[in-house]
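The values are calculated or read from the model by the stated rules, or taken from the named source; none is laboratory data. The structure presented is a predicted model; accordingly, all values stated were derived computationally and were not measured. Positions of Cβ are generated from backbone atoms using ideal geometry, with glycine treated the same way; all protein chains shown enter the neighbour counts. The area values use the complete protein model at the heavy-atom level, side chains included, leaving out ligands, DNA and RNA. Shrake-Rupley method; radii C 1.70, N 1.55, O 1.52, S 1.80 Å.
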Amino acid sequence: MQERESQRGLSMIGFLFVTVVVVVVVMIGFRVAPSYIEYYSVNKALEKALWETKDLNSAAEIRKSFQRVADAGYIESVTEKDIEIVKNEITASASWTRKLPLVANASLLLDFEASATR
């Protein structure tokens, strides 16, 4: 009788519950990771476009430079038309929303905003 009281560990139901929670978190992580990788790529592309552009007063040249970098970096969510340019500090920014379907009618909505200043 004393041995049974000293035993510890998960029961089968506890193990299944923990497993389901871990699997759900991992599956959501696998769905969200590419969106965040793309976000960091857009951020780097904006910075690179600003530093590569010679005429910072030309918004069209900044947009074209961004599009070249975006095409090389497989960026699909943001195009040159989505870039907003503010002239006082030469800030380029983009914001977009990504909807990721999870299960049945449940979706995950991610809002991103990237910017770079030169």
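Does any residue of the range 10-27 turn out to be within 25 Å of LYS99 (Cβ to Cβ) and open to solvent by 100 Å² or more (accessible area, probe 1.4 Å)?
Within the range 10-27, one or more residues are within 25 Å of LYS99 (Cβ to Cβ) and open to solvent by 100 Å² or more (accessible area, probe 1.4 Å).
Give the range 59-118 a look and list any residue that's part of a strand (DSSP E or B) and β-branched (Val, Ile, Thr), or say none.
Start the filter on the range 59-118 by keeping residues that are part of a strand (DSSP E or B), which leaves 84-86, 91-103, 106-117.
Residues satisfying the conditions are ILE85, VAL86, THR91, THR97, VAL103, THR117.
What number goes with the only condition from (1) open to solvent by 100 Å² or more (accessible area, probe 1.4 Å); (2) under 30 Å from ILE83 (Cα atoms) that TYR39 does not pass?
Result: TYR39 fails condition (1) only.
Only one of (1) touching a helix residue (DSSP H, G or I) at 6+ places or on another chain (Cβ under 6 Å); (2) under 10 Å from ALA116 (Cβ atoms); (3) of a type in the set (Gly, Ala, Ser) fails for ALA70. Which number is that?
(2)
Go through SER35, SER41 for me and flag whichever is small (Gly, Ala, Ser), in contact with a strand residue (DSSP E or B) (Cβ under 8 Å, 6 or more places away or on another chain), part of a helix (DSSP H, G or I) and in contact (Cβ under 8 Å) with a residue 12 or more places away in the chain. Give the steps one after another, and end with the answer.
Numbers: SER41 fails: in contact with a strand residue (DSSP E or B) (Cβ under 8 Å, 6 or more places away or on another chain).
Selected residue: SER35, the only one of SER35, SER41 that is small (Gly, Ala, Ser), in contact with a strand residue (DSSP E or B) (Cβ under 8 Å, 6 or more places away or on another chain), part of a helix (DSSP H, G or I) and in contact (Cβ under 8 Å) with a residue 12 or more places away in the chain.
Answer yes or no as to whether SER93 is farther than 13 Å from ARG118 by Cβ and without any contact (Cβ under 8 Å) to a residue 60 or more places away in the chain.
No; evaluated as a whole, the condition is false for this residue.
How many residues are open to solvent by less than 20 Å² (accessible area, probe 1.4 Å) and over 24 Å from the mean Cα position of the chain (by Cα) if we restrict to the range 46-89?
Final tally of qualifying residues: 1.
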